[in-house]
Amino acid sequence: MSFSAKLEMRQGQQLVMTPQLQQAIRLLQLSNIELTAFVEAELERNPLLERDERDDAPDERAPNSDEATNAADAENWLDLSKGTGDATQALDTEVDNVYPDASPTDISNDMNAGPTLTSTATPSSGGSFNDSDPNLEAYVSCETSLKDHLTSQVQMLLSVPADRMIGQYLVDFVDDAGYLRADSTDLALKLGTDEAHIERVIKAVQTCDPAGVFARDLVECLSLQLAEQNRLDPLMQDFLQHLDHLANHDLAALKRKLAVDAEDLSDMITEVRALDPKPGLRFGSAPMQAIVPDVLVRSAKDGSWLVELNNDTLPRVLIDRIYYAKVSTSARNEGDKDYLIDCLQTANWLVKSLDQRARTILRVAEEIIRQQDGFLTHGVQHLRPLNLRTVADAISMHESTISRVTSNKYMATPRGIFELKYFFTSAIASADDGDAYSSEAVRHRIKSLIDDETAKTVLSDDKIVEKLKSDGIDIARRTVAKYREAMHIPSSIQRRRQKKLAEQMERN
């Protein structure tokens, strides 16, 4: 076998994504909060970028204002409609290949200047006792966490240093619900002591407030709370060992196990239901974050729907061209010049990407509203089957672009705030060869049938299938069971027991 060197020429296609193109694609799937954080970082890094703090309303100039000064101020900012040379045109062409340009009908004039960042006024120091501004964070109360609450009690409860060290170690294994997620045998091996020592410390710290913390399971948690109330008698202990019958609403089996009558069993159930199965959740609960919609939908006078972006939550940046002209003329070495050119190109790219992102979100939202007009008009039962390809074909974009746009984006409609992905549902065939039904609409129909049940009219999955088919929905029993379980709705047997138990509790 002989080896020889030779040259070959091959022709092929390869997709090369520049860093700017990757950034533009990444901006699509960011939420408004994540986008604002990204823009803030760019504002700190790039000296040519400035936050646009202009109001939406036109600026009312004084009659004696200097027109020359106003003209100079106007030249200080780069408008999106203006180009910045061949480099910018090349960047615009590359972005347009990813986001096909369009002219949305309802896009606001503010979009032409990019999204908006709200400026925050600096608090005055006139009311302070010194020249510096007061530290307002020093006056903000902080909610006590469960770990801090238990640590302070362990330090006072355990006096022996070894016990205190073990108790503090146990605090680190307590989850948010207050349960101890550690095995005493493993703890003994890690801490170099015997298992009996670990159990003694666990019994000691189980007296901490709130009652039920440091429990290993639900039975122990409820036992600790009943013991604090001096209600943990042998009968109640036996009752806690048969909680599975209570979960299944099998009261007949529970009465046989405990050998009690219906009245005593009802009292015990009422007492156990008053306990807290997750005592740790009352400490350090994180405040709920309100969802800020990215798109606003409202009805027009002619019965159509107006779709617009929520500009109050979108960042809005401009480029200081005068500063660039000043520093570029004073740059003396090639390194400084290359840095300024890179900053200018990055700023141009960011402004263009933000504008294209806003336009793309608006186009996708408009098409979703056009497809789901019945939902806004009549409700969830009129939600149509919709997939990414349908929207992508309608607005001449790729499915991956639609998927990125609908991620972490919310729409405020007259029927509430929904994630954009909520409107994409699979199709359920019609029993009479009519239009297909949305899976979300079928779920809503199943839940409505179950909500209308009584103890005597509980519907099995087969009965639900029959009712849906009578309404023209062709669906299998296993699909009904899958939707019911996804909505955390128990089976017909469990629902019947629940309703009977509720009726019995009301009579007692």
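The table for this structure:
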{"read-out": "The stretch 384-398, subset without any contact (Cβ under 8 Å) to a residue 24 or more places away in the chain and open to solvent by less than 60 Å² (accessible area, probe 1.4 Å), residue farthest from residue 471 (Cα to Cα)", "value": "392"}
{"read-out": "Top-ranked residue in the stretch 236-262 [being more than 35 Å from the chain's Cα centre (by Cα) and open to solvent by 70 Å² or more (accessible area, probe 1.4 Å); ranked as nearest to residue 154 (Cα to Cα)]", "value": "237"}
{"read-out": "Where residue 294 falls short, out of the listed (1) more than 23 Å from residue 177 (Cα to Cα); (2) open to solvent by 40 Å² or more (accessible area, probe 1.4 Å); (3) among the acidic types (Asp, Glu)", "value": "(2)"}
{"read-out": "Residue list for the stretch 1-33, filter: at pLDDT 80 or above and touching a Pro at 6+ places or on another chain (Cβ under 9 Å)", "value": "none"}
{"read-out": "Residue within the stretch 370-383 that is under 24 Å from residue 24 (Cβ atoms), polar (S, T, N, Q) and open to solvent by 10 Å² or more (accessible area, probe 1.4 Å) present", "value": "no"}
{"read-out": "The stretch 445-461, residues that are open to solvent by less than 80 Å² (accessible area, probe 1.4 Å), out of contact with any Phe, Trp or Tyr (no Cβ under 9 Å at 6 or more places or on another chain) and part of a helix (DSSP H, G or I)", "value": "448, 449, 450, 461"}
{"read-out": "Filter result (open to solvent by less than 10 Å² (accessible area, probe 1.4 Å) and closer than 14 Å to residue 31 by Cα) within the stretch 402-425", "value": "405, 406, 409, 411, 420"}
{"read-out": "Test: residue in the stretch 468-486 that is in contact with a helix residue (DSSP H, G or I) (Cβ under 7 Å, 6 or more places away or on another chain), open to solvent by 70 Å² or more (accessible area, probe 1.4 Å), basic (Lys, Arg) and without any contact (Cβ under 8 Å) to a residue 40 or more places away in the chain", "value": "yes"}
{"read-out": "Cβ-Cβ under 6 Å pairs, at least 6 apart or on other chains, the stretch 487-501 side free of Cβ contacts under 8 Å to residues at least 60 places away in the same chain, far side of a type in the set (Gly, Ala, Ser) and open to solvent by less than 80 Å² (accessible area, probe 1.4 Å)", "value": "492/460; 499/455"}
{"read-out": "Complete set of residues in the stretch 379-425 that are β-branched (Val, Ile, Thr) and in a strand (DSSP E or B)", "value": "413, 417"}
{"read-out": "Conditions (1) in contact with a Ser or Thr (Cβ under 7 Å, 6 or more places away or on another chain); (2) on the phi > 0 side of the Ramachandran plot: number failed by residue 283", "value": "(2)"}
{"read-out": "Criterion violated by residue 306 - all others in (1) in a strand (DSSP E or B); (2) touching a helix residue (DSSP H, G or I) at 6+ places or on another chain (Cβ under 8 Å) satisfied", "value": "(2)"}
{"read-out": "Matching residues, the stretch 330-378, being part of a loop (DSSP other than H, G, I, E, B) and in contact (Cβ under 8 Å) with a residue 40 or more places away in the chain", "value": "372"}
{"read-out": "Residue within the stretch 355-362 that is surrounded by 13 or more Cβ atoms within 10 Å (Cβ to Cβ) and more than 29 Å from residue 49 (Cβ to Cβ) present", "value": "no"}
{"read-out": "Filtered residue count, the stretch 313-326, keeping only those that are surrounded by 14 or more Cβ atoms within 10 Å (Cβ to Cβ) and either outside any helix (DSSP H, G or I) or without any contact (Cβ under 8 Å) to a residue 24 or more places away in the chain (or both)", "value": "7"}
{"read-out": "Of all residues making up the stretch 200-235, the number that are in a loop (DSSP other than H, G, I, E, B), open to solvent by 30 Å² or more (accessible area, probe 1.4 Å) and under 19 Å from residue 146 (Cα atoms)", "value": "4"}
{"read-out": "Filter result (of a type in the set (Lys, Arg) and either at pLDDT below 85 or over 30 Å from residue 180 (Cα atoms) (or both)) within the stretch 274-291", "value": "282"}
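The values are calculated or read from the model by the stated rules, or taken from the named source; none is laboratory data. Not measured: the values here are computed from a predicted model. For neighbour counting, all protein chains shown are included, and Cβ atoms are generated from backbone atoms with ideal geometry for every residue, glycine included. The area values use the complete protein model at the heavy-atom level, side chains included, leaving out ligands, DNA and RNA. Shrake-Rupley method; radii C 1.70, N 1.55, O 1.52, S 1.80 Å.
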